[in-house]
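Below is one structure, written out as structure tokens; the observations come after it.
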Amino acid sequence: MMKLRVQNLSKSYSGTDGVPVQALDNISLEVRESEFLSILGPSGCGKSTLLRILDGLIPWDQGDVERDGKPITGPGQDRGFVFQSFNLFPWRTVRQNIEFGLVVKRVSRAQRKEISSRLVELVGLRGFENRYPHELSGGMQQRVGIARALAIDPEILLMDEPFGSLDAQTREDMQDELLRIWSAEKKTVVFVTHSIEEAIYLSDRVIVISPRPGKVVQIVEVPFDRPRTPEHKGLAEFSELRQKIYATLKANK
Ligand code: ADP
């Protein structure tokens, strides 16, 4: 059974001048259980819109959106969201940020501590539990963002360009961290990015979306073994795949 299924999905926003802005046009895709799937496309092609629909945050006009064969009708504990802008509470410590969803869920204090301690360890933030977001680097803040999303033990992680605001080196380090966390946690991941290399490196499959209105223009199976290592990026097959996707994006400008 598919973890997520999107069929013939279309979505328009009402534009400022009353003319509708079509963000998504007849999108169909499926995400397998425990799959790492990337949604790749240029800025403005509707990637965030698609992710927010999967999270149940916004309505759509046409089509079916299902999790485990049931229609998605709103947000739920089964999905965790990781934002590009981290979206941490500045007045809460690392531990309090990670525990936020658990407080909302009325999980006991002792259990919250146990969960957050495990996640602090998992994302490599031991010793920083009592720091505030402004005391952390961008990469560390995003580790908190990932830990917070994992705290509610979701089945699906929805990630909206989570590394888009990090410098190149930190971004590469975080990609490896994410793969390590993903292999430990076995979540289904839908990862939005506009970096071809990032999408190939991380994913089992890459769904390529055209400029607005977003349409699926290519579905690419990534053939490389796990665990992925930076050496994969040096392979001829990696460059070929990158060229293939680049050509699709260029042809669909
Ligand atoms: P991406 O994540 O690929 O950059 P988005 O999903 O954010 O793309 O946006 C897709 C298109 O929909 C863009 O043209 C954007 O301007 C438009 N859009 C997004 N949100 C709104 C909104 N709330 N109202 C009107 N237009 C929007």
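Once a ≥ b ≥ c are taken as the square roots of the eigenvalues of the Cα gyration tensor of the range 155-235, is the result rounded (a/c under 1.5), prolate (a/b larger than b/c) or oblate (a/b not larger than b/c)? Let's see the in-between values first.
Working: a/c = 1.35, a/b = 1.34, b/c = 1.01.
Here the range 155-235 falls in the rounded category.
Can you compute the label reach from Ser34? Point 7 Å from Cα along the Cβ direction, backbone N cut-off under 17 Å, restricted to the range 147-168.
In the range 147-168, the label zone of Ser34 (backbone N under 17 Å from the point 7 Å along Cα→Cβ) covers 154-157.
First compute the accessible area of the range 1-117 with a 1.4 Å probe, then give the percent of it belonging to carbon and sulfur atoms.
Numbers: 2960 of 6000 Å².
Within the range 1-117, the accessible surface is 49 percent carbon and sulfur.
Can you run phi through the Karplus equation (6.51, -1.76, 1.60; θ = phi - 60°) for the range 236-253 and list ³J(HN,Hα) in whole Hz, with x for Gly and Pro?
Values, residue by residue: 4, 5, 5, 4, 4, 5, 4, 4, 4, 5, 4, 4, 5, 5, 5, 5, 10, 5 Hz.
Show Thr188, Thr229, Thr73 ordered by accessible area, largest first, where the area counts protein heavy atoms only and the probe is 1.4 Å. Numbers along the way, then the final one.
Values: Thr188 0, Thr229 50, Thr73 135 Å².
Listed by decreasing accessible area, they come as Thr73, Thr229, Thr188.
In whole Hz, with x marking every Gly and Pro, tabulate ³J(HN,Hα) for the range 43-55 from phi via Karplus 6.51 cos²θ - 1.76 cosθ + 1.60, θ = phi - 60°.
Values, residue by residue: 4, x, 7, x, 4, 5, 4, 4, 5, 5, 5, 4, 7 Hz.
Only Lys, Arg, Asp and Glu count, each charged at its Cβ (+1, +1, -1, -1), so figure out the dipole size of the range 20-149 about its Cα centre, rounded to 20 debye.
Numbers: 18 positive and 15 negative charges, 172 e Å.
The calculated dipole for the range 20-149 is roughly 820 debye.
Once amide H atoms are placed 1.01 Å from N in the peptide plane, what residues at a sequence separation of 5 or more from Gln62, or on another chain, have their amide H within under 5 Å of its amide H?
Ser10
Given Cα positions, please report Rg to Rh for the range 22-156, the hydrodynamic radius being the Kirkwood one.
Numbers: Rg = 16.6 Å, Rh = 16.4 Å.
The Rg/Rh ratio comes out at 1.01.
Which whole-Hz ³J(HN,Hα) couplings does the range 97-102 yield from phi under the Karplus relation 6.51 cos²θ - 1.76 cosθ + 1.60, θ = phi - 60°, glycine and proline marked x?
Residue by residue, the range 97-102 yields 5, 5, 7, 3, x, 6 Hz.
Between Glu197 and Glu129, 0.36 nm times their residue separation minus their Cα-Cα distance comes to what? Mind showing how you got there, number by number?
Numbers: separation 68, 0.36 × 68 = 24.48 nm, distance 3.26 nm.
Taking Glu197 through Glu129 to full extension adds about 21.2 nm, to one decimal.
If you roll a 1.4 Å probe over the heavy atoms of the protein chains, what accessible area per residue do you get for the range 39-84, in Å²? Before the final figure, lay out each step's value.
Values: 2010 Å² over 46 residues.
Counting only protein heavy atoms, the per-residue value for the range 39-84 is 44 Å².
Please list, ordered by chain and number, the residues whose modelled amide H lies under 5 Å from the amide H of Gln84; skip anything fewer than 5 residues away on the same chain.
Asp160
Need one value: the accessible area of Phe100 in square angstrom, 1.4 angstrom probe, rounded to the nearest 10.
70
May I ask you to rank Asp25, Asp173 by accessible area, largest first, using a 1.4 Å probe over the protein chains only?
Values: Asp25 45, Asp173 75 Å².
I get Asp173, Asp25, largest accessible area first.
Distance in nm between label sites at Asn252 and Asn87, each 7 Å beyond Cα in the beta-carbon direction?
My value for the distance between the label points is 2.6 nm.
Determine the order of Glu237, Glu185 by accessible area, beginning with the largest, at a probe radius of 1.4 Å.
On the way: Glu237 100, Glu185 35 Å².
Reading off the accessible areas and sorting them downward yields Glu237, Glu185.
Enter the angle in degrees (range 0 to 90, nearest 10) between the Cα long axis of helix 138-151 and the first principal axis of the Cα atoms of the chain, meaning the one along which they spread out most.
90
Report, largest value first, the span of the C-alpha coordinates of the chain along each principal axis, in whole Å.
52, 45, 39
Would you check the accessible area of Ser117, probe 1.4 Å, heavy atoms only, in square angstrom rounded to 10?
Counting only protein heavy atoms, Ser117 exposes about 40 Å² to solvent.
Taking every alpha carbon pair in the range 139-181, what does the distance histogram look like in 10 angstrom bins from 0, in percent?
27, 60, 13
Percent antiparallel among DSSP beta bridges with both residues in the chain, to the nearest 5? Don't jump to the answer; show the numbers that get you there.
Details: 21 of 40 bridges.
Rounded to the nearest five, the antiparallel share is 50 percent.
Counting heavy atoms of the protein chains only and a 1.4 Å probe, report the per residue accessible area for the range 107-253 as a whole number of Å².
Numbers: 6940 Å² over 147 residues.
Computed with neighbouring chains in place, this is 47 Å² per residue.
Tell me which residues come under 5 Å, amide H to amide H, from Ile209 once H is placed; ignore anything under 5 positions away on its chain.
Correct list: Leu40, Gly41, Val217.
The values are calculated or read from the model by the stated rules, or taken from the named source; none is laboratory data. Quick caveat, the model's predicted, so the values are computed rather than measured. Every residue, glycine as well, gets a Cβ built from its backbone with ideal geometry; the counts of neighbours run over all protein chains shown. Heavy atoms of the whole protein, side chains included, go into the accessibility calculation; ligands, DNA and RNA do not. Shrake-Rupley method; radii C 1.70, N 1.55, O 1.52, S 1.80 Å.
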